[in-house]
1. One-quarter of the Cα convex hull surface for the stretch 27-124, in nm²?
2. Taking only the alpha-carbon positions of the stretch 43-179 and ignoring solvent, what does the Debye formula give for the base-10 log of I(q)/I(0) at q = 0.20, 0.22 Å⁻¹?
3. Between D377 and A176, take the C-beta separation as r, use R0 = 35 Å, and let me know the FRET efficiency to the nearest 0.05.
4. Per residue, how much accessible area does the stretch 58-181 show when a 1.4 Å probe rolls over the protein heavy atoms, in square angstrom?
5. Can you give the convex hull volume of the alpha carbon atoms of the stretch 70-148 per residue, in Å³?
6. I want to check the label-to-label distance for T345 and R311. Put each point 7 Å from Cα in the C-beta direction and report it in nm to one decimal.
7. Distance cut-off 29 Å, Cα to Cα: go down the list K167/K344; K167/K426; K72/K326 and report the pairs above it.
8. Give me the one-decimal nm value for the distance between modelled label points at L210 and L39, 7 Å along each residue's Cα-to-Cβ direction.
Amino acid sequence: MEQNANDRRSFLHGAVILGLAGILCKVIGALYRIPLTNLIGVEAMGVYAKAYLIYSLLWVVCTSGLPVAVSKLVSSLRAQGDLSGAHAVFLASRRVLGALGVVFCVLMTVFSGSIAASLGIPSGRFAIVCIAPCMLLTVVSAYRGYFQGMQNMAPTAVSQLIGSAGKLFIGLALAALWLPEGPVYAAGGALLGVTLSELSSIVYIHFRYLRCQKNAPAHKPVQNAQRGLYRQLFNAALPVTIGGAVLPLVNMLDAYLVTWCLHAAGYEESHINSMYGVLNGMVSSLVNVPAVVTVALAAALVPFISAAYARKQDAVVSRSVCTALKLALCVGLPCFAGMLLLGKTVLNLFYHQSAAETAALFRLIPTLKRAPYFVFDKLSLGGSMMQICGFSVLFLSVSQTATGILQGTGRFLAPMRSIAIGAAVKIILSIFLLQNARLNILGAPISSAVCYGVTAEPAVPSPRVQS
């Protein structure tokens, strides 16, 4: 009983650490994007968002599954007293992530011109090249997965905070420095700040790792063959990677659909990038703040439930599932109500529309082939998006937490199936809604809300998972 109570406190403590760090990171991210948007304008933010989208998809492919697999395997081996095996899992994952990072960095750099042209930012190759080296730093997730599996959430939390703070100061400084060169260079400066901030993050967490290894007892030779370790990592990581990559992939397809459909409706590329900048620059930074709590909760759940599941402590797993879902609703419901009622007010508090943007609005209206319900008034448009995204926050809080529960019990395919179904629904809805003259860009957040609603319902664990 005492061991169960200690494990329960460890889970809650880890969730609190990651949750607070995540909230601070999102607050810093919002503070970063607010002055960045006001500094460089929404057109440059649209370029930033599209270039960042490619990076985020590849980053998820590298880092969504392996850290969860590392956390789960390390936690299980630690529960069995096999610290040498746990350390071997970390070393194997670091090698895999390093190789993947090199491959994706080269691909992004070589094909940067083609990628930029396909996204409607033909001059945006520079921005993609600025973010490409960040792929070399994916090994940071191996460290985070290892520390989380060892029930030590502090290094992950601090490394995330260092990365966010570095992005705030370095990204803003470089964006301001290159702003006179044009929106693409301003976006490139902000993206280079992301690369440098991740570099500072990995320097810190590697230093923490060296300190821990210096004070740890010497590891005995690992009995398992290296091929066996890679096979375990691959089997545990592949379903999570596929499931985790579905939504970023859909978001990337969404960016293409937004570009193509709005271009067919008569919008120019600069206006399309501006509207996309409102969605992924202004709105998403505020909408993602509540979601980070449930992401942290899910990250803390995986190693804790995995260890309890390995010990066959069914009562501990069941209580943890109930607690986690209650916490998720405690986060999701108030945020849903707040965004629905106060979303427009919050957006107007942080952003302003410049005289140049107002003049561009009046120049845009006569050029449209058909009059849409929403023309580009970024504050009005962003406020409507905030209200729609409130539904996404509610559904996503349940889905993310349930996914962590299912992954902790080894049921990787269940959330993957539900996410794939939701992604298919989103793509179909986006095609129809974006072409609606009264909705245009609003079709993207509406389809996302429906997608998360479809995803949340099948992801809720059944009693069989809890027992």
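1. On the way: hull surface 32.8 nm².
One quarter of the hull surface, i.e. the mean projection, equals 8.2 nm².
2. These q points yield log10 I(q)/I(0) values of -1.13, -1.25.
3. In this case the efficiency is close to 0.85.
4. Solvent-accessible surface per residue comes out at 35 Å².
5. 79
6. Output for this residue pair reads 4.7 nm.
7. Values: K167/K344 27 Å; K167/K426 31 Å; K72/K326 23 Å.
K167/K426, as the Cα separations exceed 29 Å there.
8. A separation of 3.2 nm, rounded to one decimal place.
The values are calculated or read from the model by the stated rules, or taken from the named source; none is laboratory data. Just so we're clear, the structure is a prediction, and the values are computed from it rather than from any experiment. Cβ: placed from backbone, ideal geometry, glycine included. Neighbour counts: every protein chain shown. Calculation scope for accessible area: heavy atoms of the full protein, side chains included, ligands and nucleic acids excluded. Shrake-Rupley method; radii C 1.70, N 1.55, O 1.52, S 1.80 Å.
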